[in-house]
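A.B. asks: Submitted below is the structure of interest, expressed as structure tokens.
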């Protein structure tokens with residue numbers, strides 16, 4: 001695949017990003033861009049690449065779905081016994097990236113992840129389709145398993161919860177919130193002369209905004 005070096009996509013964006021365009025608050029700016037991504041028809045705009053680092057410094061990344069954001073941070077849900085969760089609990093420093101190609105936009109987030117409270121996790125868990133609740137209960141996420149074992153575990157849970165009674169929230173399942181200290185907004189431009197603005201959280205609670213070279 002040596003011809004990959006010749007592959008080019010020109011980012012012909014009509015949307016310049018200047019200091020006068022962006023909100024003073026990065027959460028407000030994120031919401032603005034997120035809604036524009038939805039309007040532009042981006043498929044699953046809440047999909048983000050979440051990167052974690054193990055205790056011995058080995059990084060790993062995967063796509064997870066953002067399930068909420070506010071001034072406290074960015075939330076997602078998972079199995080607390082999965083690799084990502086084990087790494088977060090050992091080293092809560094994480095990063096997340098959104099890529100919205102139709103608009104040539106990227107958002108980078110760096111922050112500290114911490115568990116959401118159980119009531120919040122329970123509320124979200126019971127808002128999911130029943131099949132998803134059963135899958136979450138049956139899956140020993142990230143552990144080695146055969147297809148037969150996986151099918152048997154799900155069948156067992158389907159039998160156990162074969163009526164309309166609520167499925168209890170597993171002790172090993174719940175949410176995390178990423179409390180950001182850096183958020184960067186990237187707008188692709190022609191000739192790779194991209195617009196980049198970085199928000200850095202200060203000790204006094206304010207955000208400092210800098211333009212970065214492309």
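A.B. asks: Within the range 103-119, is there a residue that is in contact with a helix residue (DSSP H, G or I) (Cβ under 7 Å, 6 or more places away or on another chain), in a helix (DSSP H, G or I) and within 21 Å of residue 184 (Cβ to Cβ)?
C.D. replies: yes
A.B. asks: Right, something else. Only one of these is within 25 Å of residue 214 (Cβ to Cβ) and exposed (fewer than 12 other Cβ atoms within 10 Å of the Cβ): 39, 24. Name it.
C.D. replies: 24
A.B. asks: Which condition breaks for residue 95 when tested against (1) farther than 24 Å from residue 194 by Cβ; (2) out of contact with any helix residue (DSSP H, G or I) (no Cβ under 8 Å at 6 or more places or on another chain); (3) not in a loop (DSSP other than H, G, I, E, B)?
C.D. replies: Unmet for residue 95, out of (1) farther than 24 Å from residue 194 by Cβ; (2) out of contact with any helix residue (DSSP H, G or I) (no Cβ under 8 Å at 6 or more places or on another chain); (3) not in a loop (DSSP other than H, G, I, E, B): (1).
A.B. asks: Could you list all residues from the range 125-151 that are out of contact with any strand residue (DSSP E or B) (no Cβ under 6 Å at 6 or more places or on another chain), surrounded by 13 or more Cβ atoms within 10 Å (Cβ to Cβ) and assigned to a helix (DSSP H, G or I)?
C.D. replies: 125, 130, 133, 134, 135, 137, 138, 150
A.B. asks: Inspect the range 179-191 for any residue being assigned to a loop (DSSP other than H, G, I, E, B) and closer than 30 Å to residue 15 by Cβ and give the result as yes or no.
C.D. replies: yes
A.B. asks: So is residue 4 at pLDDT below 95 and more than 30 Å from residue 138 (Cα to Cα) or not?
C.D. replies: yes
A.B. asks: Give just the number: which of (1) crowded, with 16+ Cβ neighbours inside 10 Å; (2) within 15 Å of residue 183 (Cα to Cα) does residue 122 not satisfy?
C.D. replies: Failing condition for residue 122: (2).
A.B. asks: When you go through 107, 88 one by one, which is the residue that is closer than 15 Å to residue 46 by Cβ, buried (at least 17 other Cβ atoms within 10 Å of the Cβ) and modelled with pLDDT of 95 or more?
C.D. replies: Just one listed residue meets the conditions, 107.
The values are calculated or read from the model by the stated rules, or taken from the named source; none is laboratory data. These numbers were taken from a predicted model, which means no experiment stands behind them. Cβ sites come from the backbone with ideal geometry, for glycine too, and all protein chains shown count toward neighbours.
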